[in-house]
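Here the structure comes first, spelled out in structure tokens, and everything after it is commentary.
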Amino acid sequence: MSLIQKISEKLGLNQGPKLPIPEFYQAYEKLFEVKYDENTLLSQAEYAIIDTEATGLDLDTDEIISIGGVTLVNQSIDISQSISFYIKGRKISDREAMALHGILPDQPFGMDELEALESLINFIGNKIIVGHYIGFDLKMINILLKKYGAPALKNKVLDTAELTKRLDFPLRNYQFAVNKEYTLDALCARYGVIPKARHTAAGDAYITAILFQKLLSDLDKKGISQVKDLKR
């Protein structure tokens, strides 16, 4: 996106007719009409652990290629409630990205973009979203939602990298944290998680779910046992 396009978007100069919010998103919004119970035990909450692979890391030009997710309920991974799909028609030019996820340029298989987005929203529901460095994934998903006239996601979100930093630095003096110590590979090594199917959306979601199980146990030992405790 050029500078002129960015300025035009901010000023509302390039906005066409407002799109109707998709029906699947309207159903999703209704799930949040009841306020979330902050007293819910972290061990009993429902989580949607997700990961995306993209054509690159530029939020203005790159797109989501694949999405993977697993559900964690009562600290158990429920494989029966999982997702793994590709979005067809993506043009992959970033050689580094191709080397990581192994998806070839112009791959023809997969779901249509809107169909994939609907499947993701139905999977997430009102669960707590969990991911590793989840911020980028959420930005990409919200950009896609905006494209179809829908607002951003409404779920509570937990980042396994940030949770680990909190365990390491209870006083939140994160300036002493070294970024490379909190990569998914580094935390897998630290917590004894075998990184199978690494750099695939489904594989990384499953690995993150196992890591999150271990973090929940450590959080409980620190007296962080309810959703509201995460705000302390």
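Here are the numbers:
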| quantity | calculated |
| --- | --- |
| Unique match (being crowded, with 17+ Cβ neighbours inside 10 Å, of a type in the set (Phe, Trp, Tyr) and either without any contact (Cβ under 8 Å) to a residue 60 or more places away in the chain or under 23 Å from THR71 (Cα atoms) (or both)) among TYR182, TYR174 | TYR182 |
| Only listed residue being modelled with pLDDT of 90 or more, over 25 Å from GLU63 (Cα atoms) and among the acidic types (Asp, Glu), chosen from ASP159, ASP185, ASP168 | ASP168 |
| Extreme residue, nearest to PHE136 (Cα to Cα), among residues of segment 65-110 that are at pLDDT 70 or above and in contact with a Lys or Arg (Cβ under 8 Å, 6 or more places away or on another chain) | ILE65 |
| Test: residue in segment 153-168 that is within 27 Å of ALA27 (Cα to Cα), in contact with a His (Cβ under 9 Å, 6 or more places away or on another chain) and either surrounded by 14 or more Cβ atoms within 10 Å (Cβ to Cβ) or of a type outside the set (Val, Ile, Thr) (or both) | yes |
| GLY203 surrounded by 17 or more Cβ atoms within 10 Å (Cβ to Cβ), modelled with pLDDT under 95, out of contact with any His (no Cβ under 8 Å at 6 or more places or on another chain) and not aromatic (Phe, Trp, Tyr) | yes |
| Yes/no for GLU162 being assigned to a helix (DSSP H, G or I), closer than 26 Å to THR40 by Cβ, without any contact (Cβ under 8 Å) to a residue 24 or more places away in the chain and not β-branched (Val, Ile, Thr) | yes |
| Qualifying residue in segment 13-31 (condition: of a type in the set (Gly, Ala, Ser), over 23 Å from HIS132 (Cα atoms) and modelled with pLDDT of 95 or more) | yes |
| Per-region count, segment 26-76, residues under 19 Å from VAL157 (Cβ atoms), buried (at least 18 other Cβ atoms within 10 Å of the Cβ) and of a type in the set (A, V, I, L, M) | 10 |
| Qualifying residue in segment 140-152 (condition: touching a Leu at 6+ places or on another chain (Cβ under 7 Å), farther than 22 Å from ASP60 by Cβ and hydrophobic (A, V, I, L, M, F, W, C)) | no |
| Test result for ASP220, modelled with pLDDT of 90 or more, farther than 21 Å from SER84 by Cα and part of a helix (DSSP H, G or I) | yes |
| Unmet requirement for ASP137, which otherwise passes all of (1) in contact (Cβ under 8 Å) with a residue 40 or more places away in the chain; (2) over 11 Å from the mean Cα position of the chain (by Cα) | (2) |
| Tabulated pairs, segment 207-223, first on the phi < 0 side of the Ramachandran plot, second of a type in the set (S, T, N, Q) and buried (at least 18 other Cβ atoms within 10 Å of the Cβ), C-beta under 6 angstrom, 6+ apart or interchain | THR208/THR160; LEU211/THR160; PHE212/THR160 |
| Subset of segment 25-52 [acidic (Asp, Glu) and not in a helix (DSSP H, G or I)] | GLU33, ASP37, GLU38, GLU46, ASP51 |
| Evaluation of ALA205 against (1) over 30 Å from LEU19 (Cβ atoms); (2) assigned to a helix (DSSP H, G or I) (one fails), failing number | (1) |
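The values are calculated or read from the model by the stated rules, or taken from the named source; none is laboratory data. Quick caveat, the model's predicted, so the values are computed rather than measured. Cβ coordinates were reconstructed from backbone atoms using ideal geometry, including for glycine residues, and neighbour counts include every protein chain displayed.
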